Every structure is written in C-alpha cells, then in structure tokens.
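Colleague: The structure that follows is given in the form of structure tokens.
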Amino acid sequence: MLDHDAVAPPVHEHITDAVKAPSLIRLSPNTVLVRFETLKVYAALGAVRHLLDTGVVRPGQTLVDSSSGIYALALAMACHRYGLRCHIVASTTVNDTMRAQLEILGVTVDQMPPSDDLRLDQSRRVARVRELLARRPDLHWMRQYHDPVHHLGYAELADLLRAALPGEPLTVVGSVGTGASTGGLTRALREHDPLTRLVGVQPFGSVTFGSEHFTDPDAIIAGIGSAIHFDNVHHRLYDRIHWLDFQHAMAATIGLMRTHAVFAGLSTGAAHLVARWEAERNPSRTHVVIGADTGHRYTDRVFTRWREALDPELLAPVEISSLDELSPPWAAIEWARRPYRPTVPVQERPRELRKDLVP
C-alpha cells in the first residue's frame with residue numbers, strides 16, 4: 001500500500017551531498033552513533049567552498065595535500081564538484097581500492113614507499129609536498145593538519161545534531177586525528193551549549209597528547225593519532241582523553257559489528273568502546289560517537305581476524321592523573337580543557353597558517 005505520508009528523499013545535485021549525510025543510530029539509551037561513509041567530506045567541502053568564496057583559490061587550480069586515506073577521497077570529490085584539480089601525496093597505507101578511486105577521479109597520486117614507521121611516512125609526505133610547491137608555485141597546499149579552514153564545514157553537522165537531538169546534553173566522543181572533526185563540531189555545538197563535553201581518543205605512540213614514547217606493536221592507528229604535531233588540534237577543547245592500543249580498538253570494532261551489525265573502521269570502534277564506558281558513568285548525557293568511515297579498508301587487518309578479538313565487555317581503562325602515569329593498553333585522564341604543546345622538529349611545521357581563522 002502506498003504511504004501518502006511518506007517523505008520523499010532529497011535528490012542531490014552531487015554525490016558529496018549524499019555522502020556527507022550521516023546515519024544516526026541509537027546504540028543505547030544515551031549513546032548515538034553518527035555513521036559516515038566518509039566523514040571528511042564535511043572538512044573538504046567546507047574548506048574548498050571558503051577558499052573559492054574568498055578568492056584564495058580559483059576554478060581550475062590544483063589543490064595538493066598529504067593523506068592516509070579518507071581525506072584524499074573527500075578532497076578529490078570536492079575538487080570534482082567545484083572544477084578543481086587535485087594532487088595527493090598518499091601514505092603507504094593507502095590501498096589499491098582507494099588509489100583506483102582517486103585516479104578515476106583524475107587525481108595525481110604520489111604514494112610513499114612501504115614503511116612500518118609512521119613518522120618516516122609522514123615526514124616523507126611533507127617533504128614531497130614541499131618539493132612540489134617549490135617546483136609549482138601555482139599549487140595550493142590544503143594543509144589539512146594545520147589550516148583551521150578545515151574546521152568550518154562541521155558547523156553544518158552541529159546543526160544537524162541539534163535538530164536530531166533537541167535539548168539533550170551532548171558529549172562528543174571521537175578520534176582526535178587532525179583535530180578538525182572533533183574540534184570543529186564541538187566548537188559549533190558550544191556556541192549553543194557551552195557545557196557540551198568532548199572526549200578524545202588517541203593511540204599509544206601519538207605525539208598529540210604525549211604518548212610518543214610508547215610503541216604499539218601493530219603501529220599507530222591511522223586517523224586517530226599522529227607522529228607529528230598538528231596545529232588543527234586545539235587541546236583546550238577536550239574534557240577527557242582516552243588512549244587505546246590496537247588490540248583494544250580491534251576488539252571494539254569487532255564488538256560493534258557483532259552487537260549492533262555496524263561495519264565501521266577502527267576509529268569508530270575505539271570511539272564506541274570509550275563512549276560506552278563514559279555513558280555508563282554519565283547516564284544523564286547523550287554520548288555522540290563519531291563514526292568516520294566504513295570498515296572496508298580494515299578487512300585484512302581487522303575483520304578477517306575476528307576470532308582473535310578480545311571480549312570488549314571485559315575491557316576497562318586505568319584512570320590516571322598525569323601523563324607520567326600513562327601506560328598501555330587503555331588509559332584515561334580528565335584533561336579539563338588545558339593547553340598542551342608537543343615538541344616537534346621545525347621542518348615539519350607548515351610554512352604559513354591562515355591566522356584569520358585561528359579560533
């Protein structure tokens with residue numbers, strides 16, 4: 001029978017409008033997953049629109065950046081939409097499926113050689129971008145790790161969440177990564193509710209919140225942490241920080257699939273494990289879990305190994321009061337919106353920043 005009250009879905013003018021729209025799934029009475037096909041479409045679209053509107057870039061110009069995966073595809077789609085060219089200096093972790101999509105979209109891909117050292121991989125990518133800029137001054141370096149223009153697009157997501165969860169006190173839980181998604185979203189939400197909380201998730205081995213002296217046998221989880229400093233991470237925004245090792249993130253990702261039938265990436269699984277812990281201790285708040293991408297690029301490393309996964313029900317963090325107490329496999333701290341400045345080599349910093357957009 002035809003339902004005359006049914007609401008017709010929108011007809012989008014470009015795939016980016018469809019891809020950026022998340023699915024909101026209530027995993028528990030006070031936990032909501034915001035699941036994306038690729039979260040960073042918000043960052044790429046918001047940044048590219050702003051750069052075009054302000055005349056910083058012009059149609060037909062080439063945008064260049066470094067990426068370990070989902071930002072590359074998001075930027076490629078934004079360039080496709082707005083008539084721009086795209087050059088990606090890709091991490092060694094970018095797989096054949098991702099590379100094929102990029103090249104079909106007309107992206108020039110420079111991929112770094114195989115390496116188990118994330119710092120070396122990131123340093124190589126930065127060096128390659130600088131080499132390209134020296135040879136081709138017409139290129140615009142997007143600087144997703146450093147340019148605050150990437151925070152802008154998440155204001156739209158904040159409006160969506162406020163409309164979907166009206167009046168609910170929110171705690172955002174997500175991987176820190178470049179800082180743009182959790183930072184941009186939380187800043188926009190706090191314009192309406194300053195009590196909005198932010199819980200960040202980090203791997204061991206990341207410099208971002210001081211765990212660089214640890215080595216995770218399965219390497220830093222791409223998209224959650226970093227081996228170099230990111231200016232887009234504003235430490236004062238974060239209320240709490242959790243560090244998880246790869247085995248805990250894997251257990252959480254498999255657990256999310258088993259319990260809720262959600263096929264998602266490692267950062268989503270890790271954020272859900274943290275959100276479940278926080279939600280049990282703060283039942284009056286709605287915990288919004290950022291699900292950055294699907295699980296497809298983690299098939300071999302995670303999902304085919306599902307029988308090895310730990311039981312997430314048995315996992316719990318050690319609560320610490322200072323970074324001196326930090327240790328694997330899972331630790332948590334009340335960060336309390338305080339500043340922090342990682343120490344990094346000068347050559348890894350960007351040549352310039354858009355100071356007009358720095359909050």
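Please treat every number below as a calculation from the coordinates, not as lab data. From a predicted model like this one, the values you see are computed outputs, not experimental measurements. Virtual Cβ from ideal backbone geometry, glycine too; neighbours counted across all protein chains shown.
Colleague: Of all alpha-carbon pairs in segment 90-179, indicate the percentage at a distance above 21 angstrom.
Modeller: Across segment 90-179, Cα pairs with separations above 21 Å total 54 percent.
Colleague: Also, I was wondering about something else. For the chain, what is the charge dipole size about the Cα centre, in debye to the nearest 20, if Lys and Arg each add +1 at the Cβ and Asp and Glu each add -1 at the Cβ?
Modeller: 780
Colleague: Pull out a ≥ b ≥ c, the square roots of the eigenvalues of the alpha-carbon gyration tensor of segment 102-247, then state rounded if a/c is under 1.5, prolate if not and a/b is larger than b/c, and oblate in the remaining case.
Modeller: Cα axes put segment 102-247 in the oblate bin.
Colleague: Rank the residues ILE333, ILE104, ILE290, ILE88 as a footprinting-exposure proxy: fewest other Cβ atoms within 10 Å of their Cβ go first.
Modeller: ILE104, ILE333, ILE290, ILE88
Colleague: Normalise the Debye intensity by I(0) for segment 41-143, one equal point scatterer per Cα, no solvent, then take log10 at q = 0.10, 0.13, 0.15, 0.20 Å⁻¹ and round to two decimals.
Modeller: Each listed q corresponds, in turn, to -0.25, -0.42, -0.56, -0.99.
Colleague: Share of antiparallel DSSP beta bridges in segment 9-113, in percent to the nearest 5?
Modeller: On the way: 5 of 15 bridges.
Here the share of antiparallel DSSP bridges comes out near 35 percent.
Colleague: Moving to a separate point now. Taking one equal scatterer on every alpha-carbon of segment 1-58, how large is log10 of I(q)/I(0) by Debye at q = 0.17, 0.23, 0.24, 0.30 1/Å?
Modeller: Once normalised to I(0) and log-transformed, intensities are -0.79, -0.98, -1.00, -1.11.
Colleague: Continuing with this model, one more query. Can you give the convex hull volume of the alpha carbon atoms of segment 147-189 per residue, in Å³? List each step's numbers first, then the result.
Modeller: Numbers: hull volume 2.4 nm³, N = 43.
Once divided by residue count, the hull of segment 147-189 is 56 Å³.
Colleague: Here is a further query. If we sort 89-97, 319-327, 38-46 on the protection proxy, mean other Cβ atoms within 10 Å, highest first, what's the order?
Modeller: Details: 89-97: 17.4, 319-327: 12.1, 38-46: 26.7.
Highest mean packing first, the order is 38-46, 89-97, 319-327.
Colleague: Of the GluC sites (Glu not before Pro) in segment 1-105, which ones lie in a loop per DSSP and count no more than 16 other C-beta atoms within 10 Å?
Modeller: Passing sites in segment 1-105 are GLU13.
Colleague: Something else about it: Could you derive backbone 3J(HN,Hα) for segment 177-182 from the dihedral phi with the Karplus parameters 6.51, -1.76 and 1.60 (θ = phi - 60°), listing whole Hz in sequence and x where the residue is Gly or Pro?
Modeller: x, 6, x, 6, 6, 5
Colleague: Could you work out how much longer the chain between LEU323 and VAL56 gets when fully extended? Use 0.36 nm per residue separation minus the Cα distance between them, nm to one decimal.
Modeller: Between LEU323 and VAL56, full extension yields an extra 92.1 nm.
Colleague: Between GLY106, GLY183, GLY265, which gets the highest mean-square fluctuation from a Gaussian network model of the chain, Cα cutoff 10 Å?
Modeller: Result for the chain, Cα springs under 10 Å: GLY106 fluctuates most.
Colleague: Going by how many other beta carbons lie within 10 Å of each one, how would you line up ASP293, ASP110, ASP218, fewest first?
Modeller: Ranking ASP293, ASP110, ASP218 by Cβ neighbours within 10 Å, fewest first, gives ASP218, ASP110, ASP293.
Colleague: Quick check on the chain: take the gyration tensor over C-alpha atoms, sort the square-rooted eigenvalues as a ≥ b ≥ c, and tell me if it's rounded (a/c under 1.5), prolate or oblate.
Modeller: Because its axes are fairly even, with a/c under 1.5, the chain counts as rounded.
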